[in-house]
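Worksheet: the structure to be examined is printed underneath.
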Amino acid sequence: MEDCIFCKIVAGTIPSYKVAENQLAFAFLDIHPANPGHTLIIPKRHAENVFETTPEEWRAIADLTRELSIAVEKAMNADGLNIKMNNRVHGGQDVMHAHVHVVPRFKGDGVVKPLVQKPAYHEGGAEATLEKIKAAL
Ligand code: AMP
Ligand code: ZN
């Protein structure tokens, strides 16, 4: 994709702090880190979000994400770690090339918890939700 900043990073036409790559995925440092070591893992091919990745690409992203989670936590001597992905505008996605965030966490770092949870399901709500998801599988 011509105008995609992450495609340009994969192609090397704009600079990045490359961390690692495998056959289908590429990882580099986030330029505005939530904490030092914040890393993004992306498919090399332009795919806008998780829905556009192929199973093979997603496996490559997952493999690199796991490998880098271990390395980043160790390297940064972190107390914890978040793996996060925003999909579509209303899922909080700003850059429209799929990417997984690996964020090392430190005690008292003040980084907000990724999900703000709501009260428990009302009576029958969990069962109805489960039915909808299973029907979509
Ligand atoms: P999201 O809000 O999930 O779409 O996250 C996009 C992320 O991309 C943000 O955390 C940005 O800091 C990061 N980002 C944007 N441009 C660059 C860049 N050129 N190099 C590294 N990270 C970037
Ligand atoms: Zn792209």
Against the conditions (1) under 16 Å from Pro104 (Cβ atoms); (2) away from ligand 2 (no atom under 14 Å from the Cβ), where does Asn22 fall short? Just the number, please.
(1)
All positions within the range 1-40 that are charged (D, E, K, R) and either surrounded by 13 or more Cβ atoms within 10 Å (Cβ to Cβ) or within 10 Å of ligand 1 (Cβ to nearest atom) (or both)
Lys8, Lys18, Glu21, Asp30
Here the residues within the range 41-58 that are surrounded by fewer than 20 Cβ atoms within 10 Å (Cβ to Cβ) and either in contact with a Leu (Cβ under 8 Å, 6 or more places away or on another chain) or of a type in the set (Ser, Thr, Tyr) (or both) are Lys44, Arg45, Thr54, Glu56
Turns out the strands (runs of 3 or more DSSP E) fully within the range 14-128 with at least 1 residues that are of a type in the set (Ser, Thr, Tyr) are 39-43
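Scan the range 96-107 and tell me whether some residue there is open to solvent by 80 Å² or more (accessible area, probe 1.4 Å), at pLDDT 95 or above and of a type in the set (Phe, Trp, Tyr).
Our first condition is that a residue be open to solvent by 80 Å² or more (accessible area, probe 1.4 Å); within the range 96-107, this holds for 107.
With the extra rule that they be at pLDDT 95 or above, the set shrinks to 107.
Applying the additional criterion that residues be of a type in the set (Phe, Trp, Tyr) yields none.
No, the range 96-107 contains no residue that is open to solvent by 80 Å² or more (accessible area, probe 1.4 Å), at pLDDT 95 or above and of a type in the set (Phe, Trp, Tyr).
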State which residue pairs qualify: first residue over 18 Å from Ser69 (Cβ atoms) and inside the range 82-102, second residue among the acidic types (Asp, Glu) in any location, beta carbons under 8 Å apart, and separation of 6 or more residues or different chains.
Met96/Glu48; His97/Glu48
Can you say whether Asp63 is within 19 Å of Asn86 (Cβ to Cβ) and in contact (Cβ under 8 Å) with a residue 24 or more places away in the chain, as far as the supplied structure shows?
no
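The values are calculated or read from the model by the stated rules, or taken from the named source; none is laboratory data. No experiment lies behind these values; they were computed from the predicted model shown. No Cβ is skipped: glycine too gets one built from the backbone with ideal geometry, and neighbour counts run over all protein chains shown. For the accessible areas, the whole protein counts, side chains as well, though only heavy atoms, and no ligand, DNA or RNA atoms are used. Shrake-Rupley method; radii C 1.70, N 1.55, O 1.52, S 1.80 Å.
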